[in-house]
1. Calculate one ³J(HN,Hα) per residue across segment 406-412 by plugging θ = phi - 60° into the Karplus curve 6.51 cos²θ - 1.76 cosθ + 1.60, and present them in order as whole Hz with x for glycine and proline.
2. Taking amide H atoms as placed 1.01 Å from N in the peptide plane, list the residues 5 or more away in sequence, or in a different chain, whose amide H sits under 5 Å from that of Y61.
3. Counting only C-alpha contacts under 8 Å and six or more residues apart, can you give the relative contact order of segment 100-172 as a whole percent?
4. For E298 and R434, what is the calculated FRET efficiency with R₀ set at 30 Å and r taken between the beta-carbons, to the nearest 0.05?
5. Using a 1.4 Å probe on the protein chains only, how many percent of the accessible area of segment 281-337 belongs to carbon and sulfur?
6. Starting from the Cα gyration tensor of segment 200-336, take the square roots of the eigenvalues, sort them a ≥ b ≥ c, and report rounded, prolate or oblate (rounded when a/c is under 1.5, otherwise prolate if a/b is larger than b/c, else oblate).
7. Simple spin-label model, 7 Å along Cα-to-Cβ: E291 to V423 in nm?
8. In terms of the Cα gyration tensor, with a ≥ b ≥ c the square roots of its eigenvalues, is segment 173-279 rounded because a/c is under 1.5, prolate because a/b exceeds b/c, or oblate?
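The values are calculated or read from the model by the stated rules, or taken from the named source; none is laboratory data. Quantities reported herein were computed from a predicted structural model and do not represent experimental measurements. Ideal geometry is used to build each Cβ from the backbone, glycine not excepted, and the neighbour counts take in all protein chains shown. The protein model used for the area step is the full one, side chains on, heavy atoms only, and it has no ligands, DNA or RNA in it. Shrake-Rupley method; radii C 1.70, N 1.55, O 1.52, S 1.80 Å.
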Amino acid sequence: MKEEEKRRYTGEDFAPVYPLWLLFPITLLFLVILLWFKLVYRLKIIRDPELEKLPPGPAVYLGNHCSMLDFFFMSIAFYPRRIHYVMSNAFLSKWWGPPVIRGLQQIPKSQFFAEAKSVITMKRAVKKGCSIGIYPEGRISLTGRTGYIAPAIGKLVKSFEVPVIAVKEEGFSLRKPLWSKIRRRGDLQVECRLLFTHQEIQDLTAEEIHRRIVEALDYNDNERQLRKGLPFGKSRRLFGRAKLAEGLELILHRCPSCGRELVMESSGNRLFCGECGFGVTLDEYNRLTPERGGWPGESLTSIPDWHDWQAGVMRRRLAAPGYSFSSPGRLTLLAKNSFRAEEGGPVKVCLDAAGIWLEKDGVREKAHQTGEPGPGYWPAEQKETEAAGDRGADEDKVIRYFSAGQLPTVTGTLGCFVDFPGVDTLYRPEFNDRRLPVFWMQAVEALYAGKAENGAKGCPG
């Protein structure tokens, strides 16, 4: 890496203002986005009057992560102040990732892992007078509700010793759900308020800061929609009304009637089981209604309710003796030092009550024969890999082992893949069954919840 790029990554060369050559295109882009969302989605940006009293200088901006456009609206709300966002370093594997991160001086970080290098970069940027934007949840919400926020955010924010501003978005997860290909129209709101002053941040403990951050960013788009009577479903395709339920099986895969997993399918406004035929319809208020009769058991009248029911079933199955599950996929390895993609070949993702592991034939032997890291094997992670052998898995085939409670959650792309973060590598299995990514996301969360209920500590990032 060139010396100039290295200085940017480590925070030694951060600039608190936009370069002049970027000012015009960024201003024009923000104006177009703001006008479009005000006209089409009736966007409201509410700013706390206390923000106007803040003296010039760096600040930390915290937001709830509910859409791919979150950073746009945080930037628009405080333009022309420049905000350096903490971004997943998985973006470095995309063609546009390196130019955006380097050109706009964003801060790459491994998701759900404590990373000293990223923390040092953030602190150096703040000392240079730059403001930092952080989305503590680490991934976009699947159901339009606040996700897991690691307690470590309290200690991190306290260490900056600058004002903290909360930016809460509401309605954005309903405009374009992660599971849907269509956009819906409805009311959107961005609320910005001062959370901590410089003096308050010094007087509070890390635990108190974490609690108040969770409270400030707490949201539930489904409840807000029903409470205010806001329909989200008036978008149309070229011909006819949008099919609201298309893709819903990517997040709701288990049938509440027959209990089978990975069986739900969608068509138009319908979500139905491909095995027993049980079906529901989705309306513009995101309410689920059975097509015939009532609910076979618990009433799952909203997407979050159904998603929570799935999570409960997963936890109960993991608690039952002898439960295990596996699914085939195709593995891609992304090395964190360069994020160069390497084909890992066919892989089997396995689950039981002790953890999740990735298996592939011949991986270990190849690594030992060459003396160098082979595809899917990284010596820095050998300790966790060998843990699978300790509990009965075929140690010679194990690529990576994640013990229960090691990760609070994982990210990925619904319908495609999940990302399992490692110390030096990002493991990305891609599945043929488009319903599997959410299954593995919920499996990780169920393992973490089970450890928490038993009083064991996990490893939040």
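1. For segment 406-412, the Karplus-derived couplings read 6, 10, x, 6, 9, 10, x Hz, x marking Gly and Pro.
2. Under 5 Å from the amide H of Y61 lie the amide H atoms of I132, G133, I134, I165, each far enough along the sequence or on another chain.
3. 19
4. Numbers: r = 25 Å, r/R0 = 0.85.
That gives a FRET efficiency of 0.75.
5. C and S fraction of accessible area: 48 percent.
6. Details: a/c = 1.70, a/b = 1.23, b/c = 1.39.
It is oblate, given that a/c is not under 1.5 and a/b is not larger than b/c.
7. Result: 5.2 nm between the two label points.
8. Here segment 173-279 falls in the oblate category.
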